[in-house]
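Visitor: Let me give you the structure first, and then I'll get to my questions.
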Amino acid sequence: MGTVAMKIDGKNVTADEGKTILQAALAAGIDIPHMCYLEQLEPYGACRLCMVEVTANKRTRMVASCAYPVKEGLEVKTDSEALRKVRKLLVELLWPLAPELAEKYGITASRFSNDHTDCSMCGKCVRYCSEIKKKEVLYFKGRGIEREIAAVPELVSECVYCQECFKECNGGLILKQAGMPWA
Amino acid sequence: MSKLKSPGELEALRHEIQSKRGAKQMITVCSGTGCLACGAVELTAAFIREIEKKELAHKVEVRPTGCHGFCERGPIVVILPQKICYLRASVEDVAEIVEKTLIKGELVDRLLYEDPETGKRIRYVDDIPFYKHQQRILLAGNVLIDPTNIWDYLAVGGYAALAKALFESTPEEIIDIVKESGLRGRGGGGFPTGVKWETTRNASAKPKYAIVNADEGDPGAYMDRSLLEGNPHGIIEGLIIGAYAIGANEGFIYVRREYPLACKNTRIAIEQAREYGFLGTDILGSGFDFDISVHHGAGAFVSGESSALMNAIEGRVGEPRPKYVHTSVKGLWDKPSCLNNVETWANIPFIVTKGAGWFKRMGTPGSTGTKIFSLVGKVNNTGLVEVPMGMSIRDIIFKIGAGIPGNKKFKAVQTGGPSGGVLPEKLLDLPVDFDELTKAGSMMGSGGMIVMDEDTCMVDTARYYIDFLAHESCGKCVPCREGLRQMLKILNRITRGEGTMEDIGLLEELCSVIKVASLCGLGQSSVNPVMSVLKYFGKEVEAHVKDKRCPAGVCKNLIAFHIDPEKCKGCGLCAKNCPANAITKTADKVHVIDQDLCIKCGLCISVCPEKFRAVEKVPAFQFQNAV
């Protein structure tokens with residue numbers, strides 16, 4: 001597999017084909033905010049904090065860098081007014097689950113009433129359980145605004161010995177998830 | 001029936017069917033879902049009994065067909081070859097229809113369409129204004145064919161396009177014809193179909209898949225359902241041609257289980273197509289192999305999104321995935337997959353038979369062909385209409401739909417389902433065309449067209465769509481899930497009269513972010529209902545926020561019911577019907593509503609006799625101090 005050359009924030013970056021922009025950027029020491037990304041897992045594209053602007057064939061658009069494959073000659077901007085607008089609003093929507101980014105952008109309160117959940121639904125636990133452990137103990141229950149993390153009761157005994165997903169959870173919130181046997 | 005092994009055998013069978021059938025008279029009974037609910041099964045059975053009783057079976061055939069489209073007046077009976085159209089026919093009318101029309105050649109006047117202006121009865125189906133202004137190409141088969149009988153489809157030229165494609169064209173030539181025709185995806189996006197096919201054809205990975213998206217889920221839309229129920233072979237034929245063009249040997253029809261009749265007719269049609277050799281190995285002796293599996297959707301709206309649909313076929317949860325590599329290159333099981341909507345596939349046999357030039361002559365330069373719309377809501381003639389692209393919305397609603405019932409005023413039309421927007425009166429002359437609708441802040445979508453009159457509150461409409469989407473989104477990405485959650489909260493506040501001007505600003509900000517940051521098309525377009533309401537009905541939104549008033553009198557927290565003591569004659573109908581016992585008679589023998597008990601159901605308004613009209617809706621704040 002070959003490598004491709006591209007520009008991230010004006011810096012020349014080479015990356016292996018098949019990698020994503022986020023992986024290439026992190027490897028080159030360029031930070032892009034992210035929450036649902038985990039190196040061992042398939043790209044998921046849910047938190048949208050990692051959105052960047054890419055220019056290819058003279059067309060610029062906003063994409064999730066965790067899922068967008070690297071391409072020869074791609075120009076990537078990881079920060080702009082438009083990107084900041086998106087990220088700031090996402091921080092408010094996720095309030096208070098992205099404290100570092102909130103601090104970076106000087107956000108001290110959300111304009112929304114976030115009484116919904118203490119979970120960002122990044123799905124790292126569900127995906128880790130399925131992709132790495134091949135267990136499928138955890139799953140997403142319901143859809144839309146009723147989406148929540150749940151465990152298959154018949155399978156939760158597996159968790160006693162594993163609990164590997166706990167450390168992947170942003171702040172260990174999975175421990176507090178209502179309905180979980182270990183809550 | 002043994003498999004047909006060549007185009008010659010197909011044509012021989014066609015002639016055999018046509019000559020066997022001869023020139024019989026025919027009673028077609030619309031048996032689409034709407035008419036079935038109005039008694040089409042009983043009606044068909046009654047016709048068959050009557051024809052047998054009168055010993056006419058040798059010269060009259062009774063045929064249950066697909067949806068005729070004029071759903072407002074079902075069940076619909078059309079007598080061929082004269083094309084005499086009887087509306088709202090019932091079992092009681094059967095004997096008279098047979099006796100008068102089929103035996104004596106007379107008409108049953110009361111069942112004919114009555115022109116609302118002139119009062120004149122209209123005899124023939126093509127002269128009824130609802131049909132007269134349409135151009136029915138895709139729906140033409142529906143009214144002639146019993147969808148469970150492949151012979152009916154063959155009799156009207158079915159599968160001739162397939163034979164032509166397989167024996168007279170290369171796959172590349174088919175793709176060129178489709179590209180040349182200008183056909184664009186009918187599912188909503190409007191992507192050029194031929195270009196999509198070419199991408200899949202050129203993708204190197206194998207195998208490839210051809211898929212029908214029949215997961216139609218927009219509120220008020222039923223175009224795809226009617227096509228699949230009424231003429232499934234048309235879609236199957238289109239799919240086989242497409243599969244040949246892109247190089248696929250396996251196909252899927254993803255149809256939602258909420259469409260039981262479509263599921264059933266599709267299954268029957270596939271079995272028949274296999275039996276006759278249109279599916280399976282060595283189709284018509286061409287050496288091309290292709291077969292179709294049916295996948296039943298389990299009820300999630302978001303599964304209509306291409307990558308979610310493919311996840312669902314793979315047996316996973318129907319959730320969209322990032323598509324920076326198109327599904328036409330990396331789709332089902334990561335293989336090149338060509339997904340088109342039902343109506344798109346249905347166009348293919350016509351384009352192959354009649355040519356790209358014929359197709360392009362219909363519609364506008366950017367949006368060629370016809371489009372089926374389901375015209376519903378506050379419109380006189382509810383139903384399925386097929387018109388050339390470029391017809392104005394005004395013509396569709398007022399010429400075909402015969403305007404708004406009850407002398408009410410037109411207020412808005414919602415196109416494109418939850419991903420579309422509302423268009424106000426000043427845009428009535430907009431042509432229906434992919435690009436024009438998008439420019440106006442709505443979209444073609446799959447073809448839902450919901451007409452709203454002056455009694456519709458646009459804030460409540462936006463709230464309805466956001467509520468729908470907030471529950472039908474998959475909930476995977478943050479902007480869509482959390483953004484819609486907050487939009488719904490804000491819209492609920494506004495309809496309760498608790499909104500602030502900051503809320504409107506917040507809505508605008510949410511719209512702009514959800515639109516660019518969401519993972520899939522559902523999220524990105526979910527803001528259209530709100531953005532279009534803010535754009536075209538901003539004053540109405542402000543009335544809710546600033547004046548705590550719902551001008552259309554819909555939002556319950558903002559209205560109160562009041563009996564005008566001058567007009568009330570004390571008849572007591574309102575008090576008798578009030579489910580909350582909120583109405584009492586005063587010493588002056590007039591009625592008065594106790595605002596604390598009133599549940600605002602509006603029954604008092606509807607029962608108050610027309611001659612008194614004593615009950616009125618007033619802004620709720622008029623009572624807030626008094627109570």
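Where a number appears in this text, it was derived from the coordinates with a stated rule and is not lab data. Keep in mind it's a predicted model, so treat the numbers as computed, not measured. Reconstructed Cβ throughout: ideal geometry from the backbone, glycine too, with neighbour counts over all protein chains shown.
Visitor: When the helices in chain B are scored as -39500 (n - 2.57) per DSSP H run of 4 or longer and the sum is shared across all residues, what 222 nm value do you end up with, to the nearest 500 deg cm²/dmol?
Guide: The helix-only estimate for chain B comes to -10500 deg cm²/dmol at 222 nm.
Visitor: Around A:Y44, with a cut-off of 11 angstrom between Cβ atoms, what is the net charge of the other residues, counting Lys and Arg +1 and Asp and Glu -1?
Guide: Net local charge, A:Y44 excluded: +2.
Visitor: Please work out the FRET efficiency for the pair B:E498 and B:E610, using the Cβ-Cβ distance as r and a Förster radius of 25 Å; give the result to the nearest 0.05.
Guide: Working from the Cβ atoms, E equals 0.10.
Visitor: Whole angstrom only: what separates the Cα centroid of region B:1-62 from the Cα centroid of region B:503-575?
Guide: 51
Visitor: Once R0 is set to 25 Å, what does the formula 1/(1 + (r/R0)^6) return for the Cβ-Cβ distance between B:K206 and A:K134, expressed as a FRET efficiency to the nearest 0.05?
Guide: Once rounded, the FRET efficiency stands at 0.35.
Visitor: Another question, if that's okay. Once the principal axes of the Cα atoms of chain B are found, what is the range along each, listed largest first in whole angstroms?
Guide: 88, 66, 40
Visitor: Still on this model: Over the whole of B:315-325, what's the average partner chain Cβ count within 10 Å per residue? Rounded to a whole number, please.
Guide: 4
Visitor: Here is a follow-up. No solvent, one uniform scatterer per C-alpha: report log10 I(q)/I(0) for the protein assembly as shown via the Debye equation at q = 0.06 1/Å, two decimals.
Guide: After summing over all Cα pairs, the log10 values are -0.46.
Visitor: Based on the mean of other Cβ atoms within 10 Å per residue, sort peptides B:553-559, B:21-27 so the most packed one is first.
Guide: Taking the mean over residues of other Cβ atoms within 10 Å, the ranking is B:553-559, B:21-27.
Visitor: Can I ask one more? Helix B:232-246 sits at what angle to the longest principal axis of chain B, using alpha carbons and giving 0 to 90 degrees rounded to 10?
Guide: Between helix and principal axis, roughly 60 degrees.
Visitor: Give me the net charge of B:T193's neighbourhood, meaning all other residues with Cβ under 14 Å from the Cβ of B:T193; Lys, Arg count +1, Asp, Glu -1.
Guide: +3
Visitor: Among B:S526, A:S130, which comes first, then next, by fewest other beta-carbon atoms within 10 Å?
Guide: Listing B:S526, A:S130 from fewest to most nearby Cβ atoms yields A:S130, B:S526.
Visitor: Further, regarding this structure: Please compute the Kirkwood hydrodynamic radius of region B:1-52 from all pairs of different C-alpha atoms, in Å with one decimal.
Guide: In region B:1-52 this quantity evaluates to 13.9 Å.
Visitor: Another question, if that's okay. Roughly what would the spin-label model give for B:L80 and B:D435, points 7 Å off Cα along C-beta, in nm?
Guide: 3.9
Visitor: Go ahead and estimate [θ] at 222 nm for chain A from helices alone: -39,500 (n - 2.57) per DSSP H run with n ≥ 4, summed, over the residue count, rounded to 500.
Guide: About -5000 deg cm²/dmol.
Visitor: I need B:D334, B:D146 ordered by Cβ neighbour count within 10 Å, fewest first.
Guide: Going from sparsest to densest Cβ surroundings: B:D334, B:D146.
Visitor: Oh, and also: Can you give the local net charge around B:G570? Use residues other than it whose beta-carbon is closer than 13 angstrom to its beta-carbon, Lys and Arg +1, Asp and Glu -1.
Guide: Net of charged neighbours comes to +2.
Visitor: Compute the FRET efficiency between A:A5 and A:K85 as 1/(1 + (r/R0)^6), taking r as their Cβ-Cβ distance and R0 = 30 Å, and round to the nearest 0.05.
Guide: After rounding, the FRET efficiency stands at 0.50.
Visitor: Taking each residue of A:153-160 in turn, how many C-beta atoms of other protein chains fall within 10 Å of its C-beta, and what is the average?
Guide: The shielding value for this peptide is 0.
Visitor: From a point 7 Å beyond the Cα of B:V592 in the direction of its Cβ, which residues of region B:555-570 have a backbone N at a distance under 17 Å?
Guide: Correct set: B:561-570.
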